[in-house]
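Student: The structure under discussion is supplied below as structure tokens; questions concerning it will follow.
Laboratory data are not the source of any read-out in this text; all were calculated from the coordinates shown. Here the structure is a predicted model, which means the values were calculated and not measured. Neighbour counts are summed over all protein chains in view; Cβ atoms, including those assigned to glycine, are modelled from backbone coordinates with ideal geometry.
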Amino acid sequence: MAGVLIYSNNPNYLMELQSAAAVIAQGRPVQTLILSGINSADSIKVENLYICRNKVCISDVGVVAELVKQAASQLNCDIVLLSGDRRGKELAGRLAQKMGAGVSTDVSALKVEDGKIIASRNAFGGALVEESIIVMNAQIFAIAPKSFAEAVPINSPIKEIELTIPDGVVELIASNPKSDDAVDIAEADTLLAMGCGFEAQSSIAEVEKIAAKMNAVIGCSKPVATDRKWFSEDRVIGISGKTCKPILAVLMGISGQVQFWAGIREAKTIVAINNDENAPILGMVDYAYVADLKDAVPHLIDKLGPKGL
Amino acid sequence: MNIVVAMKQVPDIQQIRIRARKPVMEDVVYTFGSFDKNALEAGVQLKEALGGKLIVLCVGNTELEDTVKEALAAGGDEALLVVDDIYSDLDSCQVSALLVEALGKIEDVGLVLFGEGSGDNYSGQVVGRVAELLNWPQIGFAQEISYEQSTNMIRVIRALEDVRETVIAPLPAVVSVVAEINEVRIPSVTQILKAGRKPKKVFESADIETVLPGKTHFIKSSLAPENNRKTIIVKSVDELLTALKSENLI
């Protein structure tokens, strides 16, 4: 039986992909490929780990796709699991075209029924959840981060794999780590979301007071980050940002656009505060409060004081 | 050199009602996805440097002849449309094959621009499939694009989750953009009126030589997630906090 090949440039996602592979392998061999540029290659603890030691520019998607395709062929794999981060997503389509495969990206769940792999992902801007089956044998899945738990590490010797490195055409000139904060909104138990209903950037300082009292993290809707530039992109909640599943989400000044909702709808309890009684969000949440943020925010700060709740 | 921006017509999802967990597809209003509009604007800003035209390329159903005016109003010089109602619901690999055939009908293409994902399916795979079929360099998630005429290369700053990379590649190339790259312009009334007069080449399925590949996916189900939320209206901060406290949330 042809096997499953796992590839990612991110050691943490490699561990999540081991768990994803366990769901679909159904007795197939599972192999993992890494390229030499990956961080801490020697500390990756998975079975059947193969490393290609040649130096390659992983920013050249054509080169990476060619290498993953060769590895899949050499290791007799027709199913490939990729991480659903940006490096994984950009690779997915090119690799699929090379392998004559079907590909599903941003996969949030996998199951097997009657020997067929069924992948779940958002569709229609996030309004729908689609379950689909790839009709050909060659199947590629780019798995959304945090959809699977990291597998237990297994000590195992790394094997080398010889691949033919194609000529690259994309050259990496500089790589600058983003100086953004270390906050990962997808890890928060309590998440406050700021939307376009806020008028002034100075509101952030006020919402931060609420966050401090609630031990919460602040995220935002996409326009607040990309258009207003009040936050960096890693604070964006939604289909093109992060999918968050906090215990409590408080949505402030958010209307309830489909693409945003897809990133928060799995929160355990959701509160919305909006001054527009017709805002769609108010009919979608657990607790809806129609109020002007200019009143609601100071009230919350006041009532959440050490003397209050 | 000409720039092509590939744009996908999608239903305006905000206006679609859900009934019994399925979208109601009557009287659908079509538009382009927001990332496609960012790609169009990126093309407008690069046009002068590359010295050519900005051509809007779309594949889809016959509504496109109307929908594309939005893109022509926002800075596209011409449009090339591959339209047929049988193209209403194509898989990414089918669209990619049609886009590549259509690109063959355009002269002197230096750059093909995409949004990071379409407004409806958002799978982000067409850019890679097209780049592979063309065997061109592919650069994703561009936040800044500049063209160096002396070397005929583009310099792109691309945004990954934890780093920003600066990469260079020779033209012709395929690039996808993120929303942060620019602000989408809202066309003036004059621009909207002029859009109707800009050249449009329209091809139908009979004009297409490529034999379309089969679909890659069988859709087992596609349903809106159930929403069983309480939808309790609270009338004051006190009421809200009391409710949250009673659930041990604060």
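Student: For region B:184-194, in order, what is each residue's ³J(HN,Hα) by Karplus, 6.51 cos²θ - 1.76 cosθ + 1.60 with θ = phi - 60°, in whole Hz (x at glycine and Pro)?
Tutor: With coefficients 6.51, -1.76 and 1.60, one gets 5, 8, 9, x, 7, 4, 4, 5, 5, 5, 5 Hz.
Student: Quick check on the exposure proxy: order B:Val177, B:Val100, A:Val207 from fewest to most C-beta atoms within 10 angstrom.
Tutor: The most exposed by this proxy come first: B:Val100, A:Val207, B:Val177.
Student: In addition: For region A:49-103, state the average projected area of the convex hull of the C-alpha atoms over all orientations, rounded to one decimal in nm². Present the calculation step by step, with values, prior to reporting the outcome.
Tutor: Numbers: hull surface 15.2 nm².
For region A:49-103, the mean projected area of the Cα convex hull comes to 3.8 nm².
Student: Could you tell me whether region B:159-225 comes out rounded, prolate or oblate from its Cα gyration tensor? Rule is a ≥ b ≥ c as square roots of the eigenvalues, rounded for a/c under 1.5, then prolate if a/b exceeds b/c, otherwise oblate. Mind showing how you got there, number by number?
Tutor: Values: a/c = 1.41, a/b = 1.02, b/c = 1.38.
Verdict is rounded for region B:159-225.
Student: With the radius of gyration and the Kirkwood radius both derived from the Cα set of chain B, what is their ratio Rg to Rh?
Tutor: On the way: Rg = 21.1 Å, Rh = 19.9 Å.
Reported Rg/Rh, Kirkwood definition of Rh: 1.06.
Student: Could you put B:Met153, A:Met252 in order, starting from the residue whose Cβ has the fewest other Cβ atoms within 10 Å?
Tutor: B:Met153, A:Met252
Student: Starting from the Cα gyration tensor of region A:207-288, take the square roots of the eigenvalues, sort them a ≥ b ≥ c, and report rounded, prolate or oblate (rounded when a/c is under 1.5, otherwise prolate if a/b is larger than b/c, else oblate).
Tutor: In terms of gyration-tensor shape, rounded.
Student: Something else about it: Quote the FRET efficiency, to the nearest 0.05, computed for A:Ala149 versus B:Ala49 with a Förster distance R0 of 51 Å and r equal to the Cβ-Cβ distance.
Tutor: E between A:Ala149 and B:Ala49, to the nearest 0.05, is 0.60.
Student: State which entries of B:Lys53/B:Lys201; A:Lys222/B:Lys230; A:Lys89/A:Lys146; B:Lys105/B:Lys200; A:Lys303/B:Lys245 exceed 18 angstrom in Cα-Cα distance in the structure shown.
Tutor: In this structure, A:Lys222/B:Lys230 exceed 18 Å between Cα atoms.
Student: To continue, here is another question. Quick one: dipole size for chain A, taken about the Cα centre, charges +1 on Lys/Arg Cβ and -1 on Asp/Glu Cβ, in debye to the nearest 20.
Tutor: Dipole size: approximately 260 debye.
Student: Name the long-range amide H neighbours of A:Thr105: under 5 Å, sequence gap of 5 or more, or other chain; modelled H, no Pro or chain starts.
Tutor: For A:Thr105, the qualifying residues are A:Ala142.
Student: Using modelled amide H (1.01 Å from N, peptide plane; none on Pro or chain starts), what sits under 5 Å from the amide H of A:Ala288, excluding residues fewer than 5 places away?
Tutor: A:Ala272, B:Ile232, B:Ile233, B:Val234
Student: Let me ask something else about it. Residue-wise, which Karplus ³J(HN,Hα) couplings in Hz belong to region A:35-48, taking 6.51 cos²θ - 1.76 cosθ + 1.60, θ = phi - 60°, and x for glycine or proline?
Tutor: 9, 5, x, 5, 5, 6, 4, 6, 9, 7, 10, 9, 6, 6
Student: What translational diffusion coefficient, in µm²/s and rounded to a whole number, does the Stokes-Einstein relation yield for the protein assembly as shown at 10 °C and a viscosity of 1.306 mPa s, taking the hydrodynamic radius as the Kirkwood radius over Cα pairs?
Tutor: Values: Rh = 24.6 Å.
Answer, rounded: 65 µm²/s.
Student: For region A:262-309, what does the alpha-carbon gyration tensor say about shape, rounded, prolate or oblate, given a ≥ b ≥ c as the root eigenvalues, a/c under 1.5 as rounded, and a/b over b/c as prolate?
Tutor: Working: a/c = 2.98, a/b = 1.45, b/c = 2.05.
Oblate shape, in that a/c is at least 1.5 and b/c is the bigger or equal ratio.
Student: Could you tell me which of B:Ala97, B:Gly115, B:Gly60 has its Cα farthest along the dipole of region B:55-115 towards the positive end, charges placed at Cβ (Lys, Arg +1; Asp, Glu -1), taken about the Cα centre?
Tutor: Farthest towards the positive end: B:Gly115.
Student: How large is the helix-only mean residue ellipticity at 222 nm for the protein assembly as shown, computed as the sum of -39500 (n - 2.57) over DSSP H runs with n ≥ 4, divided by its residue count, in deg cm²/dmol to the nearest 500?
Tutor: -7500 deg cm²/dmol
Student: Just tell me, in residue order, which DSSP H segments of chain B are both 20 angstrom or longer along the helix axis (alpha-carbon based) and at least -1.0 in mean Kyte-Doolittle hydropathy.
Tutor: Long hydrophobic helices here: B:34-50.
Student: How far, in degrees from 0 to 90, does helix A:203-214 lean away from the longest principal axis of the Cα atoms of chain A, to the nearest 10?
Tutor: 80 degrees
Student: Let me ask you something else. Can you compute the charge dipole magnitude of region A:270-309 about its Cα centre, using +1 on each Lys and Arg Cβ and -1 on each Asp and Glu Cβ, nothing else charged? Give it in debye, rounded to the nearest 20.
Tutor: It works out to roughly 220 debye.
Student: If you don't mind, another one. Scan chain B and report its longest stretch carrying no GluC sites (Glu not before Pro) that are both in a DSSP loop and have at most 16 other Cβ atoms within 10 Å.
Tutor: Counting only loop sites that pass the neighbour cut-off, the longest clear stretch is B:108-160.
Student: Order these by the 10 Å Cβ neighbour count, fewest first: B:Asp108, B:Asp27.
Tutor: On the way: B:Asp108 11, B:Asp27 7.
Ranking B:Asp108, B:Asp27 by Cβ neighbours within 10 Å, fewest first, gives B:Asp27, B:Asp108.
Student: While we're on this one: Once fully extended, how much extra length lies between A:Ser36 and A:Asp184, figured as 0.36 nm per residue of separation less the alpha-carbon to alpha-carbon distance?
Tutor: Working it through step by step, the gained length comes to 50.5 nm.
Student: Could you point to the residue in A:Tyr287, A:Gly241, A:Ala272 farthest towards the positive end of region A:239-296's charge dipole, with +1 and -1 charges on the Cβ of Lys/Arg and Asp/Glu respectively?
Tutor: A:Gly241
Student: Below 19 Å, Cα to Cα, which lysines can B:Lys22 reach? Residues fewer than 8 away in the same chain don't count.
Tutor: Here the lysines satisfying the reach criterion relative to B:Lys22 are B:Lys220.
Student: Counting alpha carbon pairs within less than 8 Å and at least 6 residues apart, what relative contact order, in whole percent, applies to region A:199-266?
Tutor: Values: 68 pairs, mean separation 16.5, N = 68.
About 24 percent, as a whole number.
Student: Using only Cα atoms and rounding to the nearest 10 degrees, what angle (0 to 90) does helix A:61-74 make with the longest principal axis of chain A?
Tutor: 50 degrees
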